[in-house]
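Here, each number is a calculation from the coordinates, and none is a lab measurement. These numbers were taken from a predicted model, which means no experiment stands behind them. Please note: Cβ atoms are built from the backbone with ideal geometry, for glycine as well, and neighbour counts cover all protein chains shown.
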2 protein chains.
Amino acid sequence: MIEDKNQSRTSISELGEFKLIDHLTQNFKIKHTSTVKGVGDDAAVLAINAKQQLVTTDLLIEGVHFDLSYMPLKHLGYKAVMVNLSDVYAMNGKASQITVSIAISNRFPLEAVEELYEGIYLACKGYNIDLVGGDTTSSVTGLVISITAIGEVEKENVVYRNTAKPNDLLVVTGDLGAAYLGLQVLEREKQVFEVNPNSQPDLSEYSYLIERQLKPEARKDMVKLLSDLEVKPTAMIDISDGLSSEILHICTQSKVGCNLYEEKIPLDPQVISACEEFELNSTTIALSGGEDYELLFTISQEDFPKIKGNPHLTVIGHITDESLGANLVTRAGQQIKLTAQGWNSLKQ
Amino acid sequence: MIEDKNQSRTSISELGEFKLIDHLTQNFKIKHTSTVKGVGDDAAVLAINAKQQLVTTDLLIEGVHFDLSYMPLKHLGYKAVMVNLSDVYAMNGKASQITVSIAISNRFPLEAVEELYEGIYLACKGYNIDLVGGDTTSSVTGLVISITAIGEVEKENVVYRNTAKPNDLLVVTGDLGAAYLGLQVLEREKQVFEVNPNSQPDLSEYSYLIERQLKPEARKDMVKLLSDLEVKPTAMIDISDGLSSEILHICTQSKVGCNLYEEKIPLDPQVISACEEFELNSTTIALSGGEDYELLFTISQEDFPKIKGNPHLTVIGHITDESLGANLVTRAGQQIKLTAQGWNSLKQ
């Protein structure tokens with residue numbers, strides 16, 4: 001990755017901050033009429049109609065959120081955008097603009113930052129997003145990426161976390177646990193590589209897991225699907241920290257309980273086989289793994305026929321009265337209290 | 001500062017991220033009807049009327065932008081907000097919301113983060129700003145603060161950098177160079193302290209300089225003043241990197257030249273005396289010092305009577321044709337080409 005790029009290194013300080021920004025953002029084209037002014041002034045200027053606006057931000061720190069020894073910078077750029085867009089989609093909104101701030105140390109040549117921006121560019125292109133500003137500065141040690149995403153939603157369509165009701169169904173998009181297992185595979189390969197740099201690993205059997213870790217996709221498509229199906233969730237959140245943590249957010253904020261059925265949790269076959277190989281419990285991974293960037297939502301029971309049989313959506317439980325608590329119902333029929341053991345960056 | 005606070009340290013990891021956010025943001029009250037939903041969901045929800053919206057973001061890194069050995073955390077929090085609001089005011093807009101993301105290492109106890117948020121709270125209170133979201137994570141080493149500010153402006157009132165015209169007057173608010181000299185005083189005292197920890201410095205003669213460094217104020221008042229005076233600048237920028245760098249931004253983006261008169265540059269008496277003491281050229285400090293957070297703008301000559309004699313506004317030059325270049329006219333009447341030697345964080 002970065003280490004392979006010695007052939008043509010350009011020092012970033014040669015360019016200076018303003019030329020660097022120009023250089024990195026010159027290929028980004030404005031796509032939204034709401035973007036009145038993008039990069040290049042004190043602030044971006046957005047013109048908004050009667051819709052409500054969404055603003056979300058995430059801060060990614062080298063050594064905490066990513067390890068550049070197995071995360072290519074292009075993928076990192078892409079993923080950093082996805083993490084933010086995912087939050088806009090989790091409000092049932094449409095993402096339209098981002099700002100990108102980075103802090104970089106001297107060890108990064110221009111080519112490394114270009115790679116990062118290539119990933120950001122691809123994400124913007126694929127998800128129809130305008131890059132409208134940011135900040136570029138130096139860091140003492142590692143790479144820091146801070147992205148703010150802006151989106152919009154019709155007032156009547158916004159979906160919060162705190163509006164789930166007893167008897168609602170608990171639904172998840174896609175499948176869970178793969179991103180975490182992808183990270184385990186990459187970390188194991190890193191250790192193998194450190195012992196034997198000539199090893200040629202065959203990672204094809206983990207391809208889905210690695211892709212979910214390195215190139216996650218925010219579920220813009222699911223927001224559209226729900227709209228097409230004429231289903232408005234009663235509550236929604238994206239799964240960044242792990243299923244249990246997100247369910248507990250919905251339950252706590254909505255003042256409800258839930259039953260989550262272990263047997264219903266959607267798992268990819270690669271997740272099941274990797275869990276066997278790593279001697280991990282697949283339910284634990286799905287509950288606590290994190291970084292899946294799927295959507296978790298609740299719907300009224302009367303909407304069930306609209307989603308029934310849809311291969312992208314899985315009903316994994318239902319909402320109950322607050323007094324009943326948030327529970328996992330195991331395959332053996334046992335009820336276990338759900339606890340958030342999700343990825344907590346403050347505990348590292 | 002942090003080191004003095006050993007008496008009651010609370011580990012942040014005891015609280016966890018979500019309780020930490022709740023804890024830190026519980027005193028922030030929503031002030032704007034446009035803030036539909038603040039902290040606590042995937043994204044903030046803002047409802048905007050027909051106005052245009054402004055979005056700006058800044059990333060502050062420990063060891064690059066601030067040194068905690070002389071920057072109290074409360075002041076840092078305040079200043080981090082000011083840096084962002086200043087960009088909104090530089091568009092002739094009104095700031096209304098911010099998001100605050102921080103990355104903190106284990107060496108910071110809860111009390112330190114609380115101090116930081118006290119400063120953010122005071123800034124929000126004083127400038128009528130809603131805190132609407134953010135991200136809290138751990139860092140491997142230093143403190144990282146990323147703030148995004150959102151504001152609004154009537155379409156006809158927005159002021160860009162690229163719209164200055166030949167013969168416009170070049171105007172600056174307040175005075176320049178004090179924040180940089182405040183930093184020099186604080187750095188000198190830090191060195192004295194390292195040699196003799198019992199020294200009791202009398203910094204009263206530098207009080208204005210230190211205040212400008214530690215507690216800068218964004219010029220919301222100047223945006224109001226210009227509105228009251230019925231002056232709409234033809235171009236505007238805030239002075240974060242130093243006067244020369246900002247003038248060159250206006251000239252380059254507006255495709256104009258300028259004459260800046262050395263004798264007109266507004267300097268506080270403390271700046272003049274500190275420059276003598278430090279054997280620094282006061283013009284160089286004003287041109288390149290940075291962090292003044294004053295506003296630099298251009299106005300049509302016909303607006304001159306409206307600002308004439310106003311103690312907050314100083315005409316420091318005028319815009320010329322692009323072919324004449326951007327020049328400093330010295331006290332001796334010599335023309336020198338302006339170069340940006342402003343604070344450039346990428347060159348550190």
**Message:** Compute, for chain B, the length of the dipole vector about the Cα centre, with Cβ point charges of +1 (Lys, Arg) and -1 (Asp, Glu) only. Units Debye, rounded to 20.
**Reply:** 760 debye
**Message:** Taking a cut-off of 15 Å, what percent of all Cα-Cα pairs in the stretch B:242-314 are separated by more than that?
**Reply:** 63 percent
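Among DSSP beta bridges lying fully in chain A, give the percent that are antiparallel, nearest 5.
Working: 42 of 55 bridges.
For chain A, the DSSP antiparallel bridge percentage is about 75.
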**Asked** What are the ³J(HN,Hα) values, in whole Hz, obtained from phi via the Karplus relation 6.51 cos²θ - 1.76 cosθ + 1.60 with θ = phi - 60°, for each residue of the stretch A:202-208 in sequence order, with x given for Gly and Pro?
**Response** 9, 9, 4, 6, 10, 3, 5
**Prompt:** Measuring from a point 7 Å out along Cα→Cβ, what nm distances, shortest first, does A:Asn198 have to its partners in the other copies?
**Reply:** 6.6
**Complete:** Burial-style ranking of A:271-282, A:216-227, A:124-135, average other-beta-carbon count within 10 Å with highest first, yields A:124-135, A:216-227, A:271-282
**Message:** Quick check: pseudo-label points 7 Å beyond the Cα along Cα→Cβ at B:Glu279 and B:Gln301, how many nm apart are they?
**Reply:** 4.5 nm
**Request:** Among DSSP beta bridges lying fully in the protein assembly as shown, give the percent that are antiparallel, nearest 5.
**Result:** 80 percent
**Message:** Explain nothing, just the number: dipole magnitude of the protein assembly as shown about its Cα centre with +1 on each Lys and Arg Cβ and -1 on each Asp and Glu Cβ, in debye rounded to the nearest 20.
**Reply:** 1400 debye
**Request:** Calculate, for B:Ile336 and B:Thr252, the FRET efficiency according to 1/(1 + (r/R0)^6) with r their C-beta to C-beta distance and R0 22 Å; round to the nearest 0.05.
**Result:** 0.80
**Request:** Could you pull out which residues in the stretch A:135-177 have an amide N less than 12 Å from a spot 7 Å beyond the Cα of B:Ser105, following the Cα-Cβ vector?
**Result:** A:140-142
**Message:** Projecting each Cα onto the charge dipole of the stretch B:91-143 (Lys/Arg +1, Asp/Glu -1 at the beta carbon, about the Cα centre), which of B:Thr141, B:Asn92, B:Ser105 comes out farthest on the positive side?
**Reply:** B:Asn92
**Message:** Strictly greater than 26 Å: what percent of every Cα pair in the stretch B:37-195 meets that?
**Reply:** 37 percent
**A:Leu328 long-range amide H proximity, modeled H, under 5 Å** = A:Leu260, A:Ile336, A:Lys337, A:Leu338
**Principal-axis tilt of helix B:73-89 within chain B, Cα atoms, nearest 10 degrees** = 40 degrees
**Dipole-positive endmost among A:Gln253, A:Asn310, A:Leu131 within the protein assembly as shown (Cβ charges, Cα centre)** = A:Asn310
**Fill in**
To the nearest 20 debye, the stretch B:100-258 has a Cα-centred charge dipole, built from +1 on Lys and Arg Cβ and -1 on Asp and Glu Cβ, of 500 debye
**Item:** Inter-probe distance in nm under a simple model that places probes 7 Å from Cα toward Cβ, at A:Thr141 and B:Gln200
**Value:** 3.9 nm
**Message:** Run the paramagnetic zone check for A:Asn310: 7 angstrom along Cα to Cβ, then residues of the stretch A:172-216 with backbone nitrogen under 16 Å.
**Reply:** A:172-175
**Prompt:** What ranking do B:146-152, A:197-203 get when scored by the average of other Cβ atoms within 10 Å per residue, highest first?
**Reply:** B:146-152, A:197-203
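Before rounding to the nearest 500, sum -39500 (n - 2.57) across all DSSP H runs of length at least 4 in chain B and divide by the residue total; then give [θ] at 222 nm in deg cm²/dmol.
On the way: 11 runs with 116 residues, N = 348.
Dividing the helical sum by the residues of chain B leaves -10000 deg cm²/dmol.
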**Request:** In whole Å, largest first, what are the principal axis extents of the Cα atoms in the stretch B:169-347?
**Result:** 58, 35, 32
**Request:** Please report how far the C-alpha centroid of the stretch B:271-327 lies from that of the stretch B:192-226, rounded to the nearest whole angstrom.
**Result:** 21 Å
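Give me the orientation-averaged projected area of the Cα convex hull of the protein assembly as shown, in nm², one decimal. Provide the component values of the computation, followed by the final result.
Numbers: hull surface 132.3 nm².
For the protein assembly as shown, averaging the hull's shadow over all directions gives 33.1 nm².
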**Prompt:** With the dipole of the protein assembly as shown worked out from charges on the C-beta (+1 for Lys and Arg, -1 for Asp and Glu) around the Cα centre, which of A:Val195, B:Leu54, B:Ser273 lies farthest toward the positive end?
**Reply:** B:Leu54
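How many Cβ atoms of partner chains, on average, are near each residue of B:59-66 if near means within 10 Å of its Cβ? It would help to have the intermediate numbers written out before the result.
Values: counts 13, 4, 8, 2, 4, 6, 3, 0.
Counting Cβ atoms of other protein chains within 10 Å of each residue's Cβ and averaging gives 5.
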**Fill in**
Relative contact order as a percentage, the stretch A:169-347, C-alpha pairs under 8 Å and 6+ apart, gives 39 percent
**Prompt:** Can you pull the mean other chain C-beta count within 10 Å for peptide A:85-96?
**Reply:** 2
**Item:** Shape metrics for chain A, restricted to C-alpha atoms - Rg then Dmax, Å
**Value:** 21.1, 65
**Asked** If you project the alpha carbons of the stretch A:96-176 onto their three principal axes, what span does each projection cover, largest first, in Å?
**Response** 55, 26, 22
**Prompt:** Rounded to the nearest 0.05, what FRET efficiency is calculated for A:Val192 and B:Glu263 with R0 set to 60 Å and r the Cβ-Cβ distance?
**Reply:** 0.30
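Between B:Asp221 and A:Glu322, what FRET efficiency follows from the Cβ-Cβ distance if R0 is 35 Å, with the result rounded to 0.05?
Values: r = 49 Å, r/R0 = 1.40.
That pair, B:Asp221 with A:Glu322, gives E of 0.10.
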**Complete:** Mean other chain Cβ within 10 Å across A:140-150 is 6
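Expressed as a rounded percentage, what relative contact order does chain A have, with Cα pairs under 8 Å and six or more residues apart?
Details: 729 pairs, mean separation 73.1, N = 348.
In percent, rounded to a whole number, it is 21.
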**Request:** Distance check, please: which entries in A:Lys155/B:Lys220; B:Lys255/B:Lys337; A:Lys232/A:Lys264 exceed 25 angstrom between their Cα atoms?
**Result:** A:Lys155/B:Lys220
